[in-house]
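A short reminder: the numbers here are calculations on the coordinates, not readings from a lab. Note that the coordinates shown come from a computational prediction; the quantities given were computed from them, not determined experimentally. FYI the Cβ positions are ideal-geometry reconstructions off the backbone, even for glycines, and counts take in every protein chain you see.
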Amino acid sequence: MSGICGLVDRVEAPISDGEIESFTALLDYRGPDGRACVNAGCVAFGHTLLDTLGTGESPLQRHREGFLLVADARIDGQRELRRELAARGREVSAEVADAGLILEAYLAWGERCVEHLIGDFAFALWDPRRRTLFCARDHFGVKPFFHALTPRRFVFGNTLAGVAGQPEVPDELDELAIADFLLFDTPQEPEASAYSSIRRLPPAHCLAWCDGRVRTWRYWSLPHREPGELVDADADGQEFLALLEMAVADRVRAPRIGVLMSGGLDSPAVAWAARRERTANGHRVEVKAHTAVYDELFHDEERHYSGLVANALGIPIEYRHGDRYGLFERHDSLARYFPEPHHKPLGALEVDLARQAGTHARVVLTGWDGDTLLNEPPRPYFRHLLARRDFALLGGRAIRYALDERNLLPALWRSMASQAPAPSPSCPAWIAPDFARRHDLTGRMAVYGAPLASDHPVRPYAFRCLEFVQRQSGFFEFYDPGRTGTAVEFRHPFIDVRLVDYCLSLPPYPWCRDKRLLRRALKGALPDAVTRRPKTPLAGWPHFEALQREESRWVNDYRPCEESARFVDRAQVPSTWKETDPDRAWTNLRPLSLDLWLRTPRVARATAALK
């Protein structure tokens, strides 16, 4: 709910007020409701406030014993946390909110405080007794956190452009991160950024800086345990809905809420739960839906189904027409919002959707990612039951599955048979040969290009997806104000730690087959046409369809800037205009994405959008 930043001098020399004030001023656009700095000599913190609660409470805390804390945080389960603190002898009033609770938790448990925190958070805390800076990032990395260690300073912030814009932070590119962008769209190392001197703190990790040294460690991992068995279908459905409503309630806490709502099931479920919430004075939360639709590029049913949900819930809905956007539209102005290379051929649509939502509310909910939690193939579960020789349960589940599929033996065979491994992708021919050899990109493609494996015997799909998010440290950054350039906070109820823990404990079949649990639980709450609708991907690939237009011919004719030649052999990039394969089109547009980013002067990349 704010922009945060800080400087710690490595030899405990004083930091000038002007330095931290100018650093903080770079973040004004993401926190328009207030700005504050605190300077304790060799340590200085700053923040800009995005007030989603209407309280004006500062996320910058200063304790009477010299502890300093700055946080971009929403702490959930606050009643339970206050009870735990009280058991430790620290009575905390209800008036103490998110940042203050983090400080109280640290005073109670020290570095193990993160084991008692849930929510979305990134924070830094100066402990004057230990002369240590302690930092942490939430379980799935919804909140960003970047840091750089220079000869003089430890520099941190939740906005990459802000850290990159500090004079003492070198701006040399991390060639391996650039390679990963060209191969995979994003860096594959959780700590990497586009700049060799700037690191990300990975999700579910802590960092401590002391005596000029940095150490990091993981404080949480996905729970690996045997799933329970189905006891009572209605009880499971009610418990799931109760957890979903709790996750939504913790993320609302405001009179107006936006929802990025498709015509599927996940985001309508979030909109339903938000609609049931009430404000402190008893009024219902005002909910408005926002949906990107396509009426011309391809036949898209999102308008129809999302409209059914909006009408049933009695909420307004505003559509954003994706057909009207050209490839890399407004890139010159939007590139400043992306301090790293970004493969977003239709990035203007995403930014405009965020701005549209921001005209109504400071908080916007998404439905990411019910598929991960509630759509597990049954094959690993059946094999697991066979391996442990639980023939009674296997027989009952398998027969039910076969009856669901209406084809006994073929369905049973398909559910038990192993799948052939996917072929390993190859390194694109347009990668500059010296660059590819220097970093062994063929070998890197073999390591990271294969589908992420999971050793979980029952929920491999869910674990692959969630582990992928944790490995891709910047996964949620495209929702962050540091990228959208809009003072709007996106929140994702389905990745609430409590809800994730519960869903991973469910037997994959029958409840995690095609979201059956969610469909059953919401029967009657949402239109039948939506709860019965099969999983339906977007009817087309927008970037691919846009490539078929005459006005997209220019993508074949661009001349690369000089810096691009370090990474890409332009002569080997094939024609992409009117490409017939969506995957090839996506891959072969990456050199253009990189070139457009490299054309932005380095200083402008770091600071132009932030002043």
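Legend: residue pairs Lys515/Lys578; Lys344/Lys523; Lys288/Lys515; Lys143/Lys578; Lys344/Lys515; Lys143/Lys535, Cα-Cα distance threshold 32 Å; pairs beyond threshold, Lys515/Lys578; Lys344/Lys523; Lys143/Lys578. Using R0 = 22 Å, the C-beta based FRET efficiency linking Asp557 and Glu329 works out to 0.85. Just the Kirkwood number for the chain, please: inverse of mean 1/r across all distinct Cα pairs, in Å, one decimal. Roughly 25.8 Å, rounded to one decimal. Per residue of the chain, the DSSP helices (runs of n ≥ 4 H) give a summed -39500 (n - 2.57) that works out to -10000 deg cm²/dmol at 222 nm. Each other residue within a Cβ distance under 11 Å of Thr132 adds +1 if Lys or Arg and -1 if Asp or Glu, for a net charge of +2. For Arg90 and Ala40, FRET efficiency with R0 = 30 Å and r from the beta-carbon atoms, rounded to 0.05? That pair, Ala40 with Arg90, gives E of 0.80. Each peptide in 89-102, 128-141 gets a packing score, the mean of other Cβ atoms within 10 Å over its residues, and the list from highest to lowest is 128-141, 89-102. Pairs of C-alpha atoms in segment 542-610 farther apart than 21 Å represent 32 percent of all such pairs. What is the calculated FRET efficiency for Arg388 to Asp501, with r their C-beta to C-beta distance and R₀ = 25 Å, to the nearest 0.05? Efficiency, from the Cβ-Cβ distance: 0.65.
Ordering Tyr325, Leu222, Ala361 by the projection of their Cα atoms onto the charge dipole of the chain, which places +1 on the Cβ of Lys and Arg and -1 on the Cβ of Asp and Glu, puts Leu222 at the extreme positive end.
Look at the dipole of the chain built from charges on Cβ: of Gly449, Leu260, Pro510, the Cα furthest out on the positive end belongs to Pro510. Electrostatic bookkeeping for Ala462 treats Lys and Arg as +1 and Asp and Glu as -1; over the other residues with beta carbon under 11 Å from its beta carbon, the sum is -2. Charging the Cβ of each Asp and Glu at -1 and of each Lys and Arg at +1, and nothing else, the dipole of the chain about its Cα centre rounds to 920 debye. Since only Leu101, Tyr305, Leu243 are under comparison, the one whose Cα sits farthest along the positive direction of the charge dipole of the chain, derived from C-beta charges on Lys, Arg, Asp and Glu, is Leu243.
Ordering 523-531, 156-164, 373-381 by mean Cβ neighbour count within 10 Å, with the highest value first, yields 156-164, 373-381, 523-531. In terms of the Cα gyration tensor, with a ≥ b ≥ c the square roots of its eigenvalues, is segment 443-524 rounded because a/c is under 1.5, prolate because a/b exceeds b/c, or oblate? Oblate. Report note on the peptides 204-211, 382-389, 349-356: ranked by the mean count of other C-beta atoms within 10 Å, highest first, their order is 349-356, 204-211, 382-389. Relative contact order for segment 2-218: what is it in percent, counting Cα pairs under 8 Å that are at least 6 residues apart? Taking the mean separation of contacting Cα pairs over the length of segment 2-218, I get 18 percent. Neighbour counts of C-beta atoms inside 10 Å place Lys143, Lys288 in the sequence Lys288, Lys143, starting with the fewest.
Here the extension length gained between Arg256 and Arg64 equals 65.5 nm, from 0.36 nm per residue of separation less the Cα-Cα distance.
Neighbours of Phe478, meaning other residues whose beta-carbon lies under 13 angstrom from its beta-carbon, give a summed charge of -3 when Lys and Arg score +1 and Asp and Glu score -1. Computed about the Cα centre, the dipole magnitude for segment 542-610 is approximately 280 debye when only Lys and Arg (+1) and Asp and Glu (-1) carry charge, each at its Cβ. Based on Cα contacts under 8 Å between residues 6+ apart, segment 163-276 shows a relative contact order of 13 percent.
In order along segment 86-97, the phi-based Karplus estimate (6.51 cos²θ - 1.76 cosθ + 1.60, θ = phi - 60°) of 3J(HN,Hα) comes to 4, 5, 8, x, 10, 6, 10, 6, 5, 6, 6, 9 Hz; Gly and Pro are listed as x.
In summary, segment 2-218 shows an alpha-carbon radius of gyration equal to 0.99 times the 2.2 N^0.38 Å reference for compact globular proteins. For a paramagnetic label modelled on Asp171 (point 7 Å from Cα along Cα→Cβ), amide N atoms under 16 Å away belong, within segment 336-354, to 336-341.
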